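Below is one structure, written out as structure tokens; comments come after it.
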Ligand SMILES: Cc1cc2nc3c(=O)[nH]c(=O)nc-3n(C[C@H](O)[C@H](O)[C@H](O)COP(=O)(O)O)c2cc1C
């Protein structure tokens, strides 16, 4: 749904239009698979993020089919053992089948704290690239967090070791509708000359 923040403006480039039209949306058809080549393509776009020292710190796990249920079941098991809110535990079983594709994004941990911070910054930029590439290719996307309790079971499901920090869980799918656009406040900018 175009509005004053997403409607094409005469002077917006196609890239700017994609940036503005990307929305966090789970209005997707869970039964409609996404072509694996398209998933690979948007992940490839992620890797074009800027990266100080060219450490290429990002890692991706693509979950489709039953792998999504296994993730939620692992989370539910941990949630139950920790005595988390039963409603929250129950929701884990079905949460990740709401979209046909779930991508987990990890950053590898560097021992140097500065490098570690910059690698995480680069990986966040990579996630945004992934979302924008999905938007440009007609897919809906949704960047979600997971509770800290679930980082370890997510690593276990993904088969990545403890030296991987969780950055994002991204739902991807073919859209079935459009969500409202949250308005942006004016940027807080100081101009110096
Ligand atoms: C690090 C990060 C974590 C996020 N985690 C969640 C989340 O767990 N649940 C959620 O509904 N949205 C999450 N979001 C998405 C934001 O809610 C969303 O970007 C914001 O509402 C603005 O909407 P827009 O992305 O459509 O412009 C997350 C975004 C970022 C950058």
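Taking the inverse of the average 1/r across all pairs of different Cα atoms in the chain, what Kirkwood radius in Å do you get? Before the final figure, lay out each step's value.
Working: mean 1/r = 0.0554 Å⁻¹.
Evaluated over the chain, this radius sits at 18.0 Å.
Among DSSP bridges having both ends in the chain, what percentage is antiparallel? Round to the nearest 5. Working shown, then result.
Details: 20 of 21 bridges.
Bridges in the chain are about 95 percent antiparallel.
Rounded, prolate or oblate, given the Cα gyration tensor of the range 89-171, with a/c below 1.5 counting as rounded?
Numbers: a/c = 2.55, a/b = 1.18, b/c = 2.15.
Here the range 89-171 falls in the oblate category.
Where q = 0.16, 0.17, 0.22 Å⁻¹, what log10 of I(q)/I(0) comes from the Debye formula for the range 1-106, counting one point per Cα?
Normalising to I(0) and taking log10 leaves -0.96, -1.01, -1.16.
Can you give me the pair-distance distribution of the range 53-113, C-alpha pairs, 5 Å bins, whole percents?
4, 17, 19, 15, 15, 13, 10, 6, 1
Per the Cauchy relation, a quarter of the hull surface: what is the mean projected area of the convex hull of the alpha carbons in the range 126-193, in nm²?
Working: hull surface 33.0 nm².
Projected over every direction and averaged, the Cα hull of the range 126-193 covers 8.3 nm².
Computed from the coordinates by the stated procedures, all read-outs in this text should not be read as laboratory data. Worth saying up front: this structure is predicted, and the values here are computed from it rather than measured.
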